[in-house]
Amino acid sequence: MKNPFLGTGIAIVTPFTTEGEVDFKALANIVEYNIKNGTNYIVISGTTGESVTITKQEKQDIIDAIIKTNNDRLPLVLGIGGNNTNAVIEEIKTTDLSNFAGILSVSPYYSKPTQEGIYQHFKTVSQVSPVPIILYNVPGRTASNMLPETTIRLANDFKNIVAVKEAGNNVAQYLQLLKDKPEGFGVISGDDDLALPVALAGGDGVISVIGQAFPKPFSKMIALGREGDAKQAFKLHFKLMEITSLIFSENNPAGIKAVLQALNLCNDTVRLPLVVASDDLKIKIANFIKQFES
């Protein structure tokens, strides 16, 4: 099965009201903003969506709201992952995935499994998933690195494992994956700062955080990179480089929510144990946006 997830996907935030409830009006606005400005697909309930602090019912309500607003215009991907394999399997089996082009499943966190444990986890996920799977390697959050050898083994063994979102911020690991991957298997950047170099090296694109705030220039940058136009692509990369760094300087998604608030798309509320961006960071973000729009 060939990877269908190409170009710029966004890891969409979950906007909250100042009282801490899901802000469905803001969510619809962000979806619409991205559809109209060049985003290629939307990933729901990932790290940036604060998936670990939303309830099961909220997750379903968010899914329903995005499906309604999207109205079949962009492919949707749903985050279903965790460190309890049986719970992941149960969620896949009991979730209506008819509106989704695929799932994004994170490598098991906290438990720190061996490479064989990671392989067996995703083997089990593959056997029950009715839709294509994007593996998600983010060692900074999971405390274990899914090595390229394990990713490639899974890619070769299971046809519905179609891509990996690689977020180890490790250039050598990206290049190893691009060198060894089977035909049609996708390498998707999960690092906004490396998204363009990965695209230029043969990657399929990005699942981006900053892209949802600046979808037009960011998606154009990735498209140019995939076409091999490094000169024009890097012009956009350099324009976005400061804000890409700023949003990750404290925590994610506090940084991106501060940007979205400055763009009047949602407010900056996050759920504990996260806290909103500092005043200093907000000033830097506001200054960037002022210069960017001038």
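Miscellaneous remarks
- As a fraction of the 1.4 Å probe accessible area of the chain, surface on carbon and sulfur atoms comes out at 51 percent.
- For F16, nonlocal amide neighbours, meaning residues 5 or more places apart or on other chains whose placed amide H falls under 5 Å from its own, are D23, N267, T269.
- Of F288, F24, the residue with the largest accessible area leads and the full order is F24, F288 (1.4 Å probe).
- Gaussian network model of the chain, springs between alpha carbon atoms under 10 Å - residue of I42, I118, I222 with greatest fluctuation: I118
- GNM top mover of A167, A87, A230 - the chain, alpha-carbon springs below 10 Å: A87
- Where Rh is the Kirkwood radius over Cα pairs, Rg/Rh for the stretch 207-294: 1.01
- For the stretch 1-153, convex hull volume per residue from C-alpha positions, Å³: 121 Å³
- Fluctuation leader among T39, T95, T244 - the chain, Gaussian network, Cα springs under 10 angstrom: T95
- All distinct Cα pairs of the chain go into the 1/r average, and the inverse of that average, the Kirkwood radius, is 19.0 Å.
- Euclidean distance between Cα centres, the stretch 238-294 to the stretch 1-57, Å: 16 Å
- Whole-Hz couplings from phi, Karplus 6.51/-1.76/1.60, listed for the stretch 209-218; x for Gly and Pro: 8, 5, x, 6, 8, 10, x, 5, x, 5
- Amide proton proximity set for S208, modelled H, under 5 Å, gap of 5+: G9, I10, A11
- Surface analysis of the chain yields an accessible area of 44 Å² per residue, using protein heavy atoms and a 1.4 Å probe.
- log10 of Debye I(q)/I(0), alpha-carbon scatterers only, for the stretch 58-110 at 0.18, 0.31 Å⁻¹: -0.62, -1.29
- Cβ-defined net charge surrounding S107, 12 Å radius [Lys, Arg +1; Asp, Glu -1]: +2
- Local net charge near G38, Cβ-Cβ under 14 Å (Lys/Arg +1, Asp/Glu -1): +4
- Pairs from the list K56/K257; K56/K93; K56/K159; K235/K284 with a Cα-Cα gap above 24 Å: K56/K159.
- Residue order for E21, E50, E183 - accessible surface, 1.4 angstrom probe, largest first: E183, E21, E50
The values are calculated or read from the model by the stated rules, or taken from the named source; none is laboratory data. Everything numeric in this text was worked out from a predicted model, so none of it was measured. Every residue, glycine as well, gets a Cβ built from its backbone with ideal geometry; the counts of neighbours run over all protein chains shown. Heads up: the accessible areas ignore ligands, DNA and RNA and are worked out on the full protein's heavy atoms, side chains in. Shrake-Rupley method; radii C 1.70, N 1.55, O 1.52, S 1.80 Å.
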